[in-house]
Amino acid sequence: MAAIKGLRVVRSSIDGYGVVATRDFAEGEILAEVDGVLWHEEDPVDDRYSLIMGDGYFFDMVDQTRWINHSCEPNAEVETGNDPERGPWAHIVAIRPVRAGEEVFYDYAFAPEVAEPCRCGAGACRGFIVDIDALHLVSQPAVLVASSASG
């Protein structure tokens, strides 16, 4: 796995490993072109490091981008597509300036049926790793229920 210029995998305080910027990135700048392998939901693949491409297809991230953690207040997003000549592609793009030394995050926005408890620690943490528009379909964590009842 070749290193991605401008990014480094490190131990993360949020979960396992994470990815930090080793240089500044401007809003709208591509942090990484994701190296991956296309697979279909009917294929015998079980990989939690895959991006949804649509129509039952997924893009298995096989480079350092697979270690980018989720945050409810991300500094990056994933753009995906399928070019007729070069095939499927994905980019990690800064949605605000990202400074050297800062951990890179994007919003995983899981579907409610696969939502997981969130540990991102962001001020606006939803409590679950789930698409914000589907949050109402997921049971609220006890901590959020208790804090809203007392406030």
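Values for this structure:
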item: J(HN,Hα) series, the stretch 113-123, from Karplus relation 6.51 cos²θ - 1.76 cosθ + 1.60, nearest Hz, glycine and proline x; result: 6, 10, 4, 10, x, 9, 10, 5, x, 5, x
item: Relative contact order %, the chain, counting alpha carbon pairs below 8 Å whose residues are six or more apart; result: 24
item: Charge dipole magnitude, Cβ of K and R +1, D and E -1 - the chain, Cα centre, debye nearest 20; result: 840
item: Residue-count net charge about ILE14 - beta-carbon cut-off 11 Å; Lys, Arg +1, Asp, Glu -1; result: 0
item: Listed residue (ALA109, GLY28, SER12) projecting farthest to the positive dipole end of the stretch 1-126, Cβ model; result: SER12
item: Fully extended contour minus Cα-Cα distance, from HIS91 to GLU73, at 0.36 nm per residue; result: 4.6 nm
item: For ILE30, net neighbour charge (Lys/Arg +1, Asp/Glu -1) across residues whose Cβ lies under 12 Å away; result: -4
item: Magnitude of the charge dipole, the stretch 51-110, Cβ model with Lys/Arg +1 and Asp/Glu -1, debye to 20; result: 140
item: Cα Rg, Dmax, the chain, angstrom units; result: 16.3, 57
item: Stretchable slack from TYR49 to ARG119, in nm (0.36 nm times residue separation minus alpha-carbon distance); result: 23.4 nm
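Where a number appears in this text, it was derived from the coordinates with a stated rule and is not lab data. Model, not experiment: these values are computed from the prediction. Positions of Cβ are generated from backbone atoms using ideal geometry, with glycine treated the same way; all protein chains shown enter the neighbour counts.
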